[in-house]
Amino acid sequence: MAIVLEGGCSVSRMNDGHSVRNGSMLIWNQIGRDTGAQAISLRLLEFEHGVSPVIQNREADEVFYFLEQIEGVSKASETCLVHIDGKTYEVGSQTGLYLRPDQTMLVENRNIAPVFFVSVQCPVTTTGEVAPAATSSTPAPAFSGVRLADKAAIPTADRWYRVLVDDEVGSQQVTQFVGSIPPGRAPDHFHQYEEVLFILRGQGRMWAGKTTTSIGPGSCIYLPKGQVHCVENTGTEELRLLGVFYPAGSPSIRYEV
């Protein structure tokens, strides 16, 4: 069950609740309009051996992150085939993927162990309808996949982040990044966007105003626009997280209080 903090910030686990099966794909819906989000969602997708059903959004942007082995999760595969609009690509873990509106994608898992993706869709309007996607005069590539290892780390204060999906790969609306937080607690701050986080490794605490709860690998976090918060690393190693926010921008922009 999700823990709700100040301002509607929520924290859940990747496999909390009940999954929905669609063929060889299991879906855990963790963040969305029914949990208080306004224009963004987060779900965990588990792909068993075989070829998944078609994944497609008619108007919303959708970004994926192919998870590495997550602590506390049974053995996971770290390679698979991704079929986008009929073309096949071999993909490894720690890769961000951008699926443009109206594109189709299937995931083919040839291994016995499952494959796990984090999926984030946006934008959704406050009326619950999918907003029209932004258009660009520059055609986006057919395959928009970015490996974490191929992106340079951008330092900010005592931490770093690497942007995987933004306008460089065709998305005008959403930014996906991986960030590293050293031991300790940064100053409280807020953003002018709605954001979801997924903890990849490390232990810590999520703070929203004066309320807090523990977080670790597999934690799914929702941050409303303008909510004062911070992520505290309570361990001795880095705390690494996946972040996606809408509207798009730079992960380095924050407003301290």
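The values are calculated or read from the model by the stated rules, or taken from the named source; none is laboratory data. Every value quoted in this text rests on a predicted model; they were computed, and no experiment measured them. Glycine also receives a Cβ, built like all others from the backbone with ideal geometry; neighbour counts cover every protein chain displayed.
For this structure, a couple of remarks:
- Counting the residues of region 231-247 that are of a type outside the set (Phe, Trp, Tyr) and more than 16 Å from residue 185 (Cβ to Cβ) gives 5.
- Where strands (runs of 3 or more DSSP E) sit wholly within region 1-73, those with at least 1 residues that are of a type outside the set (D, E, K, R), closer than 20 Å to residue 176 by Cβ and without any contact (Cβ under 8 Å) to a residue 60 or more places away in the chain occupy 25-31, 61-66.
- Among the residues of region 152-189, those that are closer than 30 Å to residue 59 by Cα and part of a strand (DSSP E or B) comprise 161, 162, 163, 164, 165, 175, 176, 177, 178, 179.
- Lone unmet requirement of (1) within 23 Å of residue 164 (Cβ to Cβ); (2) surrounded by 17 or more Cβ atoms within 10 Å (Cβ to Cβ) for residue 69: (2)
- A single entry from 119, 74 fulfils the requirement of being touching a Phe, Trp or Tyr at 6+ places or on another chain (Cβ under 7 Å) and in the same structural domain as residue 40 (by TED's automatic domain parsing): 119.
- Residue 202 farther than 19 Å from residue 30 by Cα, among the small types (Gly, Ala, Ser) and in contact with a Phe, Trp or Tyr (Cβ under 6 Å, 6 or more places away or on another chain): no
- Qualifying residue in region 79-97 (condition: surrounded by fewer than 17 Cβ atoms within 10 Å (Cβ to Cβ) and of a type in the set (Gly, Ala, Ser)): yes
- Checking each residue in region 17-37 for being modelled with pLDDT under 95, surrounded by fewer than 17 Cβ atoms within 10 Å (Cβ to Cβ) and touching a strand residue (DSSP E or B) at 6+ places or on another chain (Cβ under 7 Å) picks out 17, 33, 36.
Quick grid of which residues meet (1) touching a strand residue (DSSP E or B) at 6+ places or on another chain (Cβ under 9 Å); (2) modelled with pLDDT of 95 or more; (3) surrounded by 13 or more Cβ atoms within 10 Å (Cβ to Cβ); (4) among the basic types (Lys, Arg):
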residue: 138; (1), (2), (3), (4): no, no, no, no
residue: 162; (1), (2), (3), (4): yes, yes, yes, yes
residue: 177; (1), (2), (3), (4): yes, yes, yes, no
residue: 186; (1), (2), (3), (4): yes, no, yes, no
residue: 193; (1), (2), (3), (4): yes, yes, yes, no
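- Any hit, region 239-254, residues being at pLDDT 95 or above, touching a Lys or Arg at 6+ places or on another chain (Cβ under 6 Å) and not assigned by TED's automatic domain parsing to the domain that holds residue 60: yes
- None of 186, 208 is aliphatic (A, V, I, L, M), more than 19 Å from the chain's Cα centre (by Cα) and farther than 21 Å from residue 40 by Cα except 186.
- Any hit, region 93-109, residues being within 18 Å of residue 243 (Cα to Cα), of a type in the set (S, T, N, Q), within 16 Å of the chain's Cα centre (by Cα) and assigned to a strand (DSSP E or B): yes
- Of the numbered criteria (1) under 26 Å from residue 62 (Cα atoms); (2) surrounded by 21 or more Cβ atoms within 10 Å (Cβ to Cβ), the one residue 225 fails is (2).
- Among strands (runs of 3 or more DSSP E) entirely within region 190-257, having at least 2 residues that are among the hydroxyl-bearing types (Ser, Thr, Tyr) singles out 211-215, 219-223.
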